[in-house]
Amino acid sequence: MNKKVDNVPKVPKILGKSSYFKRSWMLYLMLLLPIAFFTIFRYIPMTNIVIAFKNYNIFHGVWAASEEKYCHELELNLTVSDTDRTGATSMGGDLLSFLLATQEPEEKTEGAPEDIPEDIPAISELIETEDPAEAEGLTTILQSAGLTRSEGHTIACGRTICCEVYGHKQNCSHWVGFDWFKTAFQSRDFWRAIRNTLWLNFLDLLMGFPAPIILALLLNELIFRNFKRVTQTIIYLPHFLSWIIVSGIATRLLATETGVVNIFLAENLGMDKINFLMDKGNWVLTYILFGVWKEMGWGTIIYLAAITGINPELYEAAEVDGAGRWRKLWNITLPGIRPTIVILLIMNIGRILGIELDRPFTMANPIVRDVADVLSTLVYRVGIQSFQFSLTAAIGLFQSIICVIFLVAANTIARRLGERGIW
């Protein structure tokens, strides 16, 4: 005879797709807003990275419809006075005037000469020929007019000359492939910026990464809670100061003649004044120390939060076994926050070639440019001040690719060593 068995756990009913969406449709509806945000403001603007592969012209836009159209418009905008302002010689000015004179009558630019100068070579023959000597002669004439012929481009007609020779710097939003990457790799400033960025970020990682860990461990050992809270508040405050303010503080404290530190050293200790901001080695040390001071307190928030997640019973068991503070810190606290340390280390390694503009830009000066010029300041100087947007886009794309490589490599190494990693 079968007996009724009580308290038998019921097997949960497996929901179908339709039933699942009926119960969870609000969650998916809420996801639409962040998905739309990232799509509109993050992923769609990424398409403009094609600027790195084009002769971008801010007036023609990223997606120029026709190379011939914009090169032709560029040619019509050239006048003899344009070359005169760049220090053109009379021969160069005559060449440019001749190019303008070869346009159709209804498209002639005002001021173009009607007669071709006799001292100009047979331009049509020079243009059509592939003789290196003749091409070099044409290049010399163009250079005398303040123009440069870009390597790798063939000269086929007057219109192409205006675009490829003069327009290579003025841009006409046509595709140039990897020309801007080659230009960057051939620049001394680019490699100097790479070196300085890697060196400064490495020193930041070496001195700045352990600092919040040590500070968090020290704060965790404080017994007096009020003192601990006041200390935390004081060390958090520098994070909220902009680098403009921090650089001003650095100048007031460390200036050679009027700085508080040098005045104290000279008047009270009889020491010679130290050139903190003008000497290259001292500037690097100042740059790193101010960075550690500014961000050290903010970084402790994450580690203190990780410490609070450690089971208190582990500390109680360690006390029963006779462990002191050092043993508990070494055997319980540090292993408890190790996953957090690894994740933050991976993220910092991923940013080893990335550096923000405000910190080096505000603290640097022309005397220490050899050690202070990093990728962000190079992009600002070349892209914003010199209007070479395609070149800076190429540098930024190269920088992003290298950062991704470092991030993936660091994450792979961490997983092989038994850590969780980021993904």
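Taking (1) in contact (Cβ under 8 Å) with a residue 60 or more places away in the chain; (2) buried (at least 18 other Cβ atoms within 10 Å of the Cβ); (3) out of contact with any strand residue (DSSP E or B) (no Cβ under 9 Å at 6 or more places or on another chain) in turn, V379 satisfies each apart from (1).
Scanning the stretch 232-244 for residues being surrounded by 11 or more Cβ atoms within 10 Å (Cβ to Cβ) and either more than 27 Å from D358 (Cβ to Cβ) or in contact with a Phe, Trp or Tyr (Cβ under 9 Å, 6 or more places away or on another chain) (or both) gives a total of 5.
Among the β-branched types (V, I, T), within 29 Å of V408 (Cα to Cα) and over 29 Å from the mean Cα position of the chain (by Cα): is that true of I307 in this structure?
On the way: among the β-branched types (V, I, T): yes; within 29 Å of V408 (Cα to Cα): yes; over 29 Å from the mean Cα position of the chain (by Cα): yes.
When the stated conditions are applied, I307 passes them.
Looking at A64, A36, just one residue is under 26 Å from G396 (Cβ atoms), more than 25 Å from the chain's Cα centre (by Cα) and at pLDDT 75 or above, and that residue is A36. Please work out which residue is modelled with the lowest pLDDT, limiting yourself to the stretch 255-276 and to residues that are closer than 27 Å to W199 by Cβ and touching a Leu at 6+ places or on another chain (Cβ under 6 Å). Out of the qualifying residues, it is G259. Restricting L314, L237 to those that are touching a residue at least 60 places away in the same chain (Cβ under 8 Å) and assigned by TED's automatic domain parsing to the domain that holds I213 reduces the list to L237.
Of all the residues in the stretch 250-280, those that are assigned to a helix (DSSP H, G or I) and either in contact with a His (Cβ under 7 Å, 6 or more places away or on another chain) or touching a residue at least 40 places away in the same chain (Cβ under 8 Å) (or both) number 2. Answer yes or no as to whether L254 is touching a Ser or Thr at 6+ places or on another chain (Cβ under 7 Å), closer than 27 Å to L334 by Cβ and of a type outside the set (K, R). So L254 fails the test.
Selection over the stretch 383-399 of residues that are free of Cβ contacts under 8 Å to residues at least 24 places away in the same chain and either part of a helix (DSSP H, G or I) or closer than 14 Å to F185 by Cα (or both) gives a count of 4. Please indicate, with yes or no, whether at least one residue in the stretch 2-16 is surrounded by 10 or more Cβ atoms within 10 Å (Cβ to Cβ) and at pLDDT below 65. Yes, that holds for at least one residue.
The values are calculated or read from the model by the stated rules, or taken from the named source; none is laboratory data. In this text, all values refer to a predicted model and were calculated from it rather than measured experimentally. We place every Cβ from the backbone using ideal geometry, glycine too, and count neighbours over all the protein chains shown.
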